[in-house]
Amino acid sequence: MKISLTTAYQSDRALEIIFSSLRWFFLILSAVVFFSQYVANPDPLRLNLFIMLVVFGCLYMGVSDYYLRKWPEGSKNYALVTKGAPFFDFLAFSALVPLTGGIESPLFPLAYLIILHVAVYWKLTGGIIAATLLTLTYTITFLMQVSDVYTFSNLITYFSQVSFLLLMGCLGGIIVSRERQSHSEKNLLEQAANRDYLTNLLNHRSFQEHLRGDLENNSAFYLALADIDNFKLVNDKYGHVTGDKVLRELGSIINSTVSVKQGKAFRYGGEEFAIIIYNKEQDEVDKLLVEIKLSVANHIFYCEGEAFSVTMSFGSCKQNGEEPDKLVEKVDKLLYEAKDRGRNRIVYSCVN
């Protein structure tokens, strides 16, 4: 949680983990509130509904927490889990408030947190829509719970709560929208500085920074350099536009094969790629590189109706405390050895 709090401003994943942790906290708080009220006023129907809600909530939050940490940020599944979370929050709130005292529920302030969560993804429009739906929920609960709606004190209570909700939707949406816009612009600038425009992989500059950092931290990893075999022939025969398409699609293959936990993929330069693989076992590293090699060799490209394919050669070595340039030089020699042996193969250092 400490790490998430310190990185929440920069990381959407860290922010979402905070929201996820808060759900578990408020689930426990909801149970405390419900059973403190249930002791004073037992109602089997309310108890059964609350238990069903808790079971559903635990299942949803458990599954979403698992995939929140598993799926890479930016993937479609990750976006589905994170953007779907506010809908769950709204449904849970709409069920919890009537079960824990209605308009007098101690859990009602959760509405303001839900509005802010929605505004993170849908900005001002989302904040206003969330505030409107929560206002509707409050209005229905108010009309069902209050017998004498039109007394002065009840009307003041109603309009006060509704005003706060709508103000939070507008002002909260504006504030969050401005922060998110600033955050997005900063991310775009960082991506422009750290990502290769053609392949969308991390670029050479980013590679040098990650390599230096991993070596300084004495992280256990293998460095692999990969090169497209006879790429000049592809450019000469099919043209540079097709050559760029090959680079783009191979970058996508490498990026999708190397998961976030396994390592990081970079465009080193030209038709050459670099991969930092966080693993101490050569067998596991070999499985990953073989998967990439086969995926590349089996991928079919087309140019004006003509099909063709390419292969890649790899050199790889486990880091042993070398300076960054020395490690790159060692792996580069292994890559050229793979080329000399006939291409489309992986060569490792004899000493690991």
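Can you say whether residue 292 is under 20 Å from residue 201 (Cα atoms), touching a Ser or Thr at 6+ places or on another chain (Cβ under 8 Å) and either at pLDDT 95 or above or not in a strand (DSSP E or B) (or both), as far as the supplied structure shows?
On the way: under 20 Å from residue 201 (Cα atoms): yes; touching a Ser or Thr at 6+ places or on another chain (Cβ under 8 Å): yes; either at pLDDT 95 or above or not in a strand (DSSP E or B) (or both): yes.
Answer is yes for this residue.
In the stretch 267-289, of all residues being closer than 13 Å to residue 315 by Cα and assigned to a strand (DSSP E or B), the one that is farthest from the chain's Cα centre (by Cα) corresponds to 272.
Can you confirm whether residue 215 is farther than 17 Å from residue 313 by Cβ, in contact with an Asp or Glu (Cβ under 8 Å, 6 or more places away or on another chain) and in a helix (DSSP H, G or I)?
Values: farther than 17 Å from residue 313 by Cβ: yes; in contact with an Asp or Glu (Cβ under 8 Å, 6 or more places away or on another chain): yes; in a helix (DSSP H, G or I): yes.
Considered against the rule, which asks whether it is farther than 17 Å from residue 313 by Cβ, in contact with an Asp or Glu (Cβ under 8 Å, 6 or more places away or on another chain) and in a helix (DSSP H, G or I), residue 215 comes out as yes.
Being part of a helix (DSSP H, G or I) and surrounded by 15 or more Cβ atoms within 10 Å (Cβ to Cβ) is not true of residue 143. Among the conditions (1) modelled with pLDDT of 95 or more; (2) surrounded by 13 or more Cβ atoms within 10 Å (Cβ to Cβ); (3) not in a helix (DSSP H, G or I), residue 243 misses just one, which is (3). If you go through the stretch 184-202 and keep only what is within 23 Å of residue 253 (Cβ to Cβ) and of a type outside the set (Phe, Trp, Tyr), you end up with 191, 194, 195, 196, 198, 199, 200, 201, 202. Return a yes/no flag: does the stretch 83-103 have any residue that is out of contact with any helix residue (DSSP H, G or I) (no Cβ under 7 Å at 6 or more places or on another chain), over 26 Å from residue 69 (Cβ atoms) and not charged (D, E, K, R). Taking every residue of the stretch 83-103 in turn, none turns out to be out of contact with any helix residue (DSSP H, G or I) (no Cβ under 7 Å at 6 or more places or on another chain), over 26 Å from residue 69 (Cβ atoms) and not charged (D, E, K, R). Scanning the stretch 20-69 for residues that are closer than 15 Å to residue 85 by Cβ and touching a Leu at 6+ places or on another chain (Cβ under 7 Å), we see that the one that is modelled with the lowest pLDDT is 20.
The values are calculated or read from the model by the stated rules, or taken from the named source; none is laboratory data. Computed from a prediction, not measured in an experiment: that's the story for all the values here. Positions of Cβ are generated from backbone atoms using ideal geometry, with glycine treated the same way; all protein chains shown enter the neighbour counts.
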